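Below is one structure, written out as C-alpha cells; comments come after it.
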Amino acid sequence: MILGAHTQHHLDSLVTAWQRLRAQPLASAFSILVIGIALSLPTGLYLLISNLDRASSSLSEHTEMTVFLKPKIETAAALGLAEALRNEPGIRKLRFVSREDALLELQRSGLDDVLTSLSSNPLPHALVIEPTQVHPEQIRRLGQQLRQRPEVDTIASAEAWAHRLAALLDFGVGLTWMLGTVLALSLAAITGNTIRLQIYARRDEIEISRLIGATDRFIRRPFLYFGALQGLLGGLAALILSGLAILWLNQSVAELASTYGSSFRLAHLDAPISLLLLACGALLGLAGAWLSVAYTLRDFD
Amino acid sequence: MIELIDVTKRYPGGHVTLANVNLHIQLGEMVFITGRSGAGKSTLLKLIGSIEKPTSGHIKISDKDISRLPRTAVPYFRLNIGMIFQDHKLLYDRSVLDNVLLPLHLREIHGAEATRRARAALEKVGLADRERSRPITLSGGEQQRLCIARAIVGRPRLILADEPTANLDDDYAHEIMNILQALNEGGDTILIATHDQDLIARYGKRCLVLADGALS
C-alpha cells in the first residue's frame with residue numbers, strides 16, 4: 001500500500017516513538033506505572049461510586065417504606081388511602097398494616113409486658129410500600145409525594161438512608177472530579193518531564209536536523225507520539241490495576257453480599273468508560289508532551 | 001546568483017567578524033573562501049545558509065532576500081542548500097543509510113523512492129557497501145563523504161562546504177575535492193571555506209580571501 005508522504009511521516013514518528021519507549025524498558029515501565037497509578041486513583045473512586053450506586057439500587061429492590069398514618073385516621077379511611085395509592089405510579093407493592101396487626105407484631109417481638117401496661121393501642125395504621133423505582137433520588141421524590149397526603153403522619157423508610165447515600169455519592173462524584181483533575185495535571189507533568197529529558201538527550205540530533213532543514217513540526221512529532229503512547233499505556237496500566245483490585249475485593253464483597261442474601265459483585269469499567277480512560281491517558285500524555293516540547297525547543301533557539 | 005550587500009556580522013560583546021562585505025557569486029560557480037582561522041569564513045557560510053542572521057546588510061539568493069527570513073521559513077530555505085560541515089555533524093546512533101535518508105524525510109520523500117535516492121547518493125561518494133554501518137565505524141574521510149552524500153541527496157543546487165578536507169590526509173582530501181568538483185561540473189554552485197592554500201592552487205577556481213572581516 002502506498003501511503004501519502006504526510007501519513008508516512010506520522011507512521012514513522014509513531015514507530016520512532018515506540019522504539020524510544022522500548023530503548024529504555026525500565027525507565028519507560030516506571031513512567032507508565034506511575035501514570036497508571038495516578039490514573040487508577042480517580043478510576044478506583046469512580047468504580048467505587050458507580051458500584052455503590054448499583055448496590056444502592058440493588059438493595060432498594062428490597063427496600064420498603066413504612067408510611068405511618070395520623071393516629072386519628074380511621075380504618076376505613078386508611079384502607080381507602082391504601083386502595084388509592086396501590087394504583088399510583090412509583091409503587092410496586094403496598095401492604096396495609098392495621099394498628100391492631102402492628103400491636104400483635106410488637107407483642108410477638110417480646111414487648112408484651114410493656115404493651116399490656118398501656119391503656120390503649122398507641123400505634124397508628126401503616127402502609128408498607130415497596131417502590132417500583134429504586135434509585136435514592138426517586139425514593140426521596142416518592143416520599144415527598146406521600147408526605148403531601150393529609151392522612152400521612154411520618155414516613156420511616158429508606159428515604160433518609162437514600163438521602164444520605166445520594167449526598168455521599170454526590171460528594172464522591174465531586175471528589176472524583178477533583179482527584180481526576182489534580183492527577184490529570186500530574187500525568188501531564190510526568191509526561192512533560194520525561195519528554196524534556198528526552199529532548200535534552202537528543203539535543204545533538206535535534207540541532208543537526210535543524211541545520212539541514214528540519215521544521216519544528218518534524219522534530220516535535222515523534223515526541224508528541226511518545227507522550228500520547230506513554231499516556232495510552234499508562235491508561236492501560238490503570239485499567240489493569242483497577243481490574244486486579246476489583247478481582248481481589250470481589251472475594252470479600254461476595255462474602256458480605258451473601259450475608260444479605262444478595263449475589264452482588266463489584267463490576268469493572270464497561271467498554272465505553274474503559275475506552276474513555278485510554279483516550280484520556282493518551283490525550284493528557286499528548287498535552288504534557290506538547291507543552292514540554294514547545295518550551296524546551298525554545299531553549300535551543 | 002548569490003549576492004551579499006554591505007553585510008556586517010557583529011557578535012554579542014561587540015566582536016565584528018564580517019564588516020561591510022559585498023560579494024557576487026554566479027550560479028554554477030565553484031568558489032573558495034580562505035583566510036586565517038577566525039577570519040570569518042565559517043560565519044560567511046553560516047550567513048548564506050541562514051544558520052545565522054547578519055547584523056546589517058542583505059543576502060540575496062536568486063534575488064530573494066534571505067537575511068530577514070522569518071524563523072518558520074528558515075527550514076524550508078535550508079532544504080534548498082546542501083551543507084557539509086567540518087565536524088561532519090552525523091547521527092552516530094543511526095546507520096549510514098539512515099543519515100542519508102534524513103534529508104529526504106525532511107522533504108517528505110519516503111519508502112522505496114527515498115531508499116533508491118539515498119543509495120544513489122552513497123554510490124556517488126563510494127559508500128554503497130557501507131550503508132548498514134554506523135558512522136562511528138567509518139574513517140574520517142568516509143565520514144566526510146557520508147556528509148557529502150547527505151548534502152547532495154536532496155539535489156540542492158547550492159552546496160556550502162566548511163573546511164571539508166580539514167583533518168584529512170592528502171589522498172582523502174583529494175577524493176573529497178574530486179566529488180565536489182564533479183558536482184560543480186554537473187551545474188551545482190559550490191562554496192568551499194578552507195585554509196588549505198595547496199588545495200586552492202590545485203583546483204584553480206576563484207578564491208575570495210577574508211582578512212579582518214573584509215573581503216579582498
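Does A:ALA166 satisfy the criteria of being part of a helix (DSSP H, G or I), buried (at least 21 other Cβ atoms within 10 Å of the Cβ), more than 14 Å from every other protein chain (Cβ to nearest Cβ) and out of contact with any Phe, Trp or Tyr (no Cβ under 7 Å at 6 or more places or on another chain)?
Values: part of a helix (DSSP H, G or I): yes; buried (at least 21 other Cβ atoms within 10 Å of the Cβ): no; more than 14 Å from every other protein chain (Cβ to nearest Cβ): yes; out of contact with any Phe, Trp or Tyr (no Cβ under 7 Å at 6 or more places or on another chain): yes.
Considered against the rule, which asks whether it is part of a helix (DSSP H, G or I), buried (at least 21 other Cβ atoms within 10 Å of the Cβ), more than 14 Å from every other protein chain (Cβ to nearest Cβ) and out of contact with any Phe, Trp or Tyr (no Cβ under 7 Å at 6 or more places or on another chain), A:ALA166 comes out as no.
Which residues, counting only those in the stretch A:3-18, are within 11 Å of chain B (Cβ to nearest Cβ), over 15 Å from A:ARG217 (Cβ atoms) and part of a helix (DSSP H, G or I)?
A:LEU11
Answer yes or no: is there a residue in the stretch A:287-295 that is within 24 Å of B:TYR92 (Cβ to Cβ), more than 14 Å from chain B (Cβ to nearest Cβ) and among the aliphatic types (A, V, I, L, M). Reasoning before the result, please.
Of the stretch A:287-295, the ones within 24 Å of B:TYR92 (Cβ to Cβ) are A:293.
Right, trim to more than 14 Å from chain B (Cβ to nearest Cβ) and you get A:293.
Now narrow it down to the ones that are among the aliphatic types (A, V, I, L, M): A:293.
Looking for residues that are within 24 Å of B:TYR92 (Cβ to Cβ), more than 14 Å from chain B (Cβ to nearest Cβ) and among the aliphatic types (A, V, I, L, M), one finds at least one in the stretch A:287-295, hence yes.
Look at A:LEU284 and say whether it is more than 14 Å from every other protein chain (Cβ to nearest Cβ) and either over 18 Å from the mean Cα position of the chain (by Cα) or at negative phi (or both).
It is true that A:LEU284 is more than 14 Å from every other protein chain (Cβ to nearest Cβ) and either over 18 Å from the mean Cα position of the chain (by Cα) or at negative phi (or both).
Has the stretch A:208-226 got at least one residue that is under 30 Å from B:ARG155 (Cβ atoms), more than 14 Å from every other protein chain (Cβ to nearest Cβ) and not hydrophobic (A, V, I, L, M, F, W, C)?
So far as the stretch A:208-226 goes, yes, one or more of its residues are under 30 Å from B:ARG155 (Cβ atoms), more than 14 Å from every other protein chain (Cβ to nearest Cβ) and not hydrophobic (A, V, I, L, M, F, W, C).
Quickly run through the stretch A:234-267 and pick out the residues that are free of Cβ contacts under 8 Å to residues at least 60 places away in the same chain, within 13 Å of A:LEU47 (Cβ to Cβ) and among the polar types (S, T, N, Q). If you could, list the steps in order and put the result at the bottom.
Taking the stretch A:234-267 as the starting set, the residues that turn out to be free of Cβ contacts under 8 Å to residues at least 60 places away in the same chain are A:243-244, A:247-259, A:261, A:263, A:265.
Filter once more, keeping what is within 13 Å of A:LEU47 (Cβ to Cβ): A:243-244, A:247-250, A:253, A:265.
Of everything in the stretch A:234-267, just one residue is free of Cβ contacts under 8 Å to residues at least 60 places away in the same chain, within 13 Å of A:LEU47 (Cβ to Cβ) and among the polar types (S, T, N, Q), namely A:ASN250.
Of everything in the stretch A:91-127 that's part of a helix (DSSP H, G or I) and of a type in the set (A, V, I, L, M, F, W, C), which residue is nearest to A:LEU142 (Cα to Cα)?
Among residues in the stretch A:91-127 that are part of a helix (DSSP H, G or I) and of a type in the set (A, V, I, L, M, F, W, C), the one nearest to A:LEU142 (Cα to Cα) is A:ALA102.
Mind telling me which of the residues A:ARG20, A:ARG95, A:ARG54, A:ARG86 ends up being among the basic types (Lys, Arg) and either under 30 Å from B:THR115 (Cβ atoms) or in contact with a helix residue (DSSP H, G or I) (Cβ under 6 Å, 6 or more places away or on another chain) (or both)? Quick ask: steps written out before the conclusion?
Numbers: A:ARG95 fails: either under 30 Å from B:THR115 (Cβ atoms) or in contact with a helix residue (DSSP H, G or I) (Cβ under 6 Å, 6 or more places away or on another chain) (or both); A:ARG54 fails: either under 30 Å from B:THR115 (Cβ atoms) or in contact with a helix residue (DSSP H, G or I) (Cβ under 6 Å, 6 or more places away or on another chain) (or both); A:ARG86 fails: either under 30 Å from B:THR115 (Cβ atoms) or in contact with a helix residue (DSSP H, G or I) (Cβ under 6 Å, 6 or more places away or on another chain) (or both).
Among A:ARG20, A:ARG95, A:ARG54, A:ARG86, only A:ARG20 is among the basic types (Lys, Arg) and either under 30 Å from B:THR115 (Cβ atoms) or in contact with a helix residue (DSSP H, G or I) (Cβ under 6 Å, 6 or more places away or on another chain) (or both).
Being within 14 Å of chain A (Cβ to nearest Cβ) and either surrounded by fewer than 16 Cβ atoms within 10 Å (Cβ to Cβ) or part of a loop (DSSP other than H, G, I, E, B) (or both) is true for just one of B:LYS53, B:LYS46. Which residue is that?
Every option except B:LYS53 fails the conditions.
Could you grab me the full set of residues in the stretch B:1-43 that are among the basic types (Lys, Arg) and either buried (at least 16 other Cβ atoms within 10 Å of the Cβ) or touching a Gly at 6+ places or on another chain (Cβ under 8 Å) (or both)?
Correct list: B:LYS9, B:LYS41.
With the requirement that a residue be among the hydrophobic types (A, V, I, L, M, F, W, C), within 12 Å of chain B (Cβ to nearest Cβ) and touching a residue at least 24 places away in the same chain (Cβ under 8 Å), what does the stretch A:179-207 give you?
Passing the criteria: only A:ILE206.
Looking at A:SER242, is it within 14 Å of chain B (Cβ to nearest Cβ), touching a Leu at 6+ places or on another chain (Cβ under 8 Å), surrounded by 19 or more Cβ atoms within 10 Å (Cβ to Cβ) and of a type in the set (S, T, N, Q)?
no
For A:THR194, indicate whether it is β-branched (Val, Ile, Thr), over 26 Å from the mean Cα position of the chain (by Cα) and either surrounded by 13 or more Cβ atoms within 10 Å (Cβ to Cβ) or under 30 Å from B:ILE51 (Cβ atoms) (or both). Quick ask: steps written out before the conclusion?
Numbers: β-branched (Val, Ile, Thr): yes; over 26 Å from the mean Cα position of the chain (by Cα): yes; either surrounded by 13 or more Cβ atoms within 10 Å (Cβ to Cβ) or under 30 Å from B:ILE51 (Cβ atoms) (or both): yes.
Answer is yes for this residue.
Among the listed residues A:ALA84, A:ALA38, A:ALA77, A:ALA23, identify the single one that is within 30 Å of A:VAL173 (Cα to Cα) and among the small types (Gly, Ala, Ser).
A:ALA38
I'd like to know if the stretch A:113-123 contains one or more residues that are aliphatic (A, V, I, L, M) and within 28 Å of A:ALA55 (Cα to Cα).
Looking only at the stretch A:113-123, we keep the residues that are aliphatic (A, V, I, L, M), and these are A:114-115, A:118, A:123.
From the residues that got through so far, the ones that are within 28 Å of A:ALA55 (Cα to Cα) too are none.
No, the conditions are met nowhere in the stretch A:113-123.
Could you pull out the residue among A:SER40, A:SER50, A:SER31, A:SER13 that is small (Gly, Ala, Ser), surrounded by 18 or more Cβ atoms within 10 Å (Cβ to Cβ), at pLDDT 80 or above and closer than 30 Å to A:GLU130 by Cα?
Exactly one residue qualifies, and that residue is A:SER50.
If the requirement is being surrounded by fewer than 19 Cβ atoms within 10 Å (Cβ to Cβ) and facing chain A (nearest Cβ under 10 Å), which of these qualifies: B:LEU90, B:LEU69, B:LEU79, B:LEU106? Explain how you work it out, then say what you get.
Values: B:LEU90 fails: surrounded by fewer than 19 Cβ atoms within 10 Å (Cβ to Cβ); B:LEU69 fails: facing chain A (nearest Cβ under 10 Å); B:LEU106 fails: surrounded by fewer than 19 Cβ atoms within 10 Å (Cβ to Cβ).
It is B:LEU79.
The values are calculated or read from the model by the stated rules, or taken from the named source; none is laboratory data. Predicted model, so just to flag it, every value in this text is computed and none were measured. Quick reminder, even Gly has a Cβ in these numbers, built from the backbone with ideal geometry, and neighbours come from all protein chains shown.
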